[in-house]
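The values are calculated or read from the model by the stated rules, or taken from the named source; none is laboratory data. Computed from a predicted structure; not experimentally measured. Using ideal geometry, Cβ is built from the backbone for each residue, glycine included, and neighbour counts are taken over all protein chains shown. Calculation scope for accessible area: heavy atoms of the full protein, side chains included, ligands and nucleic acids excluded. Shrake-Rupley method; radii C 1.70, N 1.55, O 1.52, S 1.80 Å.
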Amino acid sequence: MMSLCIENIHLPNISKAKVRFFMVRADLIHPLASGNKFYKLKPAIEQAKHHKINTLLSFGGAYSNHIHALALSAKAQGMASIGIIRGEASYAKNPTLTDAREAGMQLQFVDRLTYKRRTDTPYLKQLQQRYPAALIIPEGGSNQNAVKGCMKLMAEVNELVDANIVTVAAGTGATAAGLACGTTKNQSVIAYAVLKDETLNKRIKKFIDIENKSVKVNVEPADFGGYAKLDEQVLSFILEWLDKTGILLDPIYTGKMCMRLMQQIDAGMFKQGTTIAMLHSGGLQGWRGMQQRVIRLAGPKSWNTIQSYLCRDIA
Ligand SMILES: *Cc1c(COP(=O)(O)O)cnc(C)c1O
């Protein structure tokens, strides 16, 4: 796995707005997995090792970036992993879960009603009894450990670039909260919400309060087309961005954030001289469930372009 690096992006609209724009390349930590998930999981893995626990258990959908990263992280650490997956056993053949299985993850498929109980104490107790050797990690990896892991990520970003504004795509908001807790003064975090979810603000605030920090995250809507849905506008933005910068964004998180961020830059929302660092959190593995959609919206040539990026060699 590669370490973190940053890249200065030069585009006409960015220089016109007289801001500086850097991309934090957490996508390069692994060719397909979500970079932020590795940071989120690091403290849990350390904790597990400390307590001589050798199995990680967590929850996710059939294309979950978190499940994918957890399986790969566990394997890299010589640990076992169990994935409680929402849906049918036939999903085990999809690319996400194939990677997870090949990394040694044991999959258990549950129906929607069972999956809904993933945060209920009685259900978690049952699971712990069934898998006594496992550390149970919530969906998305999003707990206070994840917040601490992302504070470390922010410290690494600060070693690479002196940014006033750090932007991140938010699902659960744990990554955004962690980054905010790791900021120094004169820095602020903007979280781009890819879900229509009024509770995101509250969740982020709770994560921050538990760390005893008095920082605030600005939340900006970026749920174009709905969660895990890719519409034509977002896809064409992503393809254009790839063409102009050589960097592929993911269809669920970073593509939507970057599109909204560019709209804000174009609208003059940022003071001249501002240095913006956008976290490319990775998640490119999510493209592999989008083949038909990409072909339908943008044609087979566009799919081939994305496909060849996914198969590139970054080592
Ligand atoms: C999970 C994920 C996020 C969101 O992280 P949260 O901590 O849940 O807000 C952002 N980008 C990518 C690529 C992800 O996989």
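Listed values, structure above:
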{"read-out": "Selection from the range 143-171 of residues that are within 13 Å of the ligand (Cβ to nearest atom) and among the small types (Gly, Ala, Ser)", "value": "ALA146, GLY149, ALA169, ALA170, GLY171"}
{"read-out": "Identity of the residue in the range 172-189, within 13 Å of the ligand (Cβ to nearest atom) and outside any helix (DSSP H, G or I), that ends up surrounded by the fewest Cβ atoms within 10 Å (Cβ to Cβ)", "value": "THR172"}
{"read-out": "Filtered residues of the range 261-303 (kept if within 14 Å of the ligand (Cβ to nearest atom) and either touching an Asp or Glu at 6+ places or on another chain (Cβ under 6 Å) or of a type in the set (Val, Ile, Thr) (or both))", "value": "HIS280, GLY282, GLY283, LEU284, GLY286"}
{"read-out": "Criterion violated by LEU32 - all others in (1) hydrophobic (A, V, I, L, M, F, W, C); (2) in a loop (DSSP other than H, G, I, E, B); (3) over 15 Å from the mean Cα position of the chain (by Cα) satisfied", "value": "(3)"}
{"read-out": "Qualifying positions in the range 246-291 - open to solvent by 20 Å² or more (accessible area, probe 1.4 Å), of a type outside the set (Lys, Arg) and within 23 Å of THR98 (Cβ to Cβ)", "value": "ILE252, TYR253, GLY289, GLN291"}
{"read-out": "Residues of the range 222-258 classified as part of a loop (DSSP other than H, G, I, E, B), among the small types (Gly, Ala, Ser) and touching a helix residue (DSSP H, G or I) at 6+ places or on another chain (Cβ under 7 Å), total", "value": "2"}
{"read-out": "Positions within the range 218-249 being among the acidic types (Asp, Glu) and either within 17 Å of the chain's Cα centre (by Cα) or not assigned by TED's automatic domain parsing to the domain that holds ASN201 (or both), in sequence order", "value": "GLU220, ASP223"}
{"read-out": "Only one of LYS213, LYS196 that is more than 9 Å from the ligand (Cβ to nearest atom), surrounded by fewer than 15 Cβ atoms within 10 Å (Cβ to Cβ) and not assigned by TED's automatic domain parsing to the domain that holds ILE53", "value": "LYS196"}
{"read-out": "Options ALA76, ALA26; residue that is within 16 Å of the ligand (Cβ to nearest atom) and either touching a residue at least 60 places away in the same chain (Cβ under 8 Å) or open to solvent by less than 20 Å² (accessible area, probe 1.4 Å) (or both)", "value": "ALA26"}
{"read-out": "Set VAL166, VAL215, VAL219: member being β-branched (Val, Ile, Thr) and part of a loop (DSSP other than H, G, I, E, B)", "value": "VAL215"}
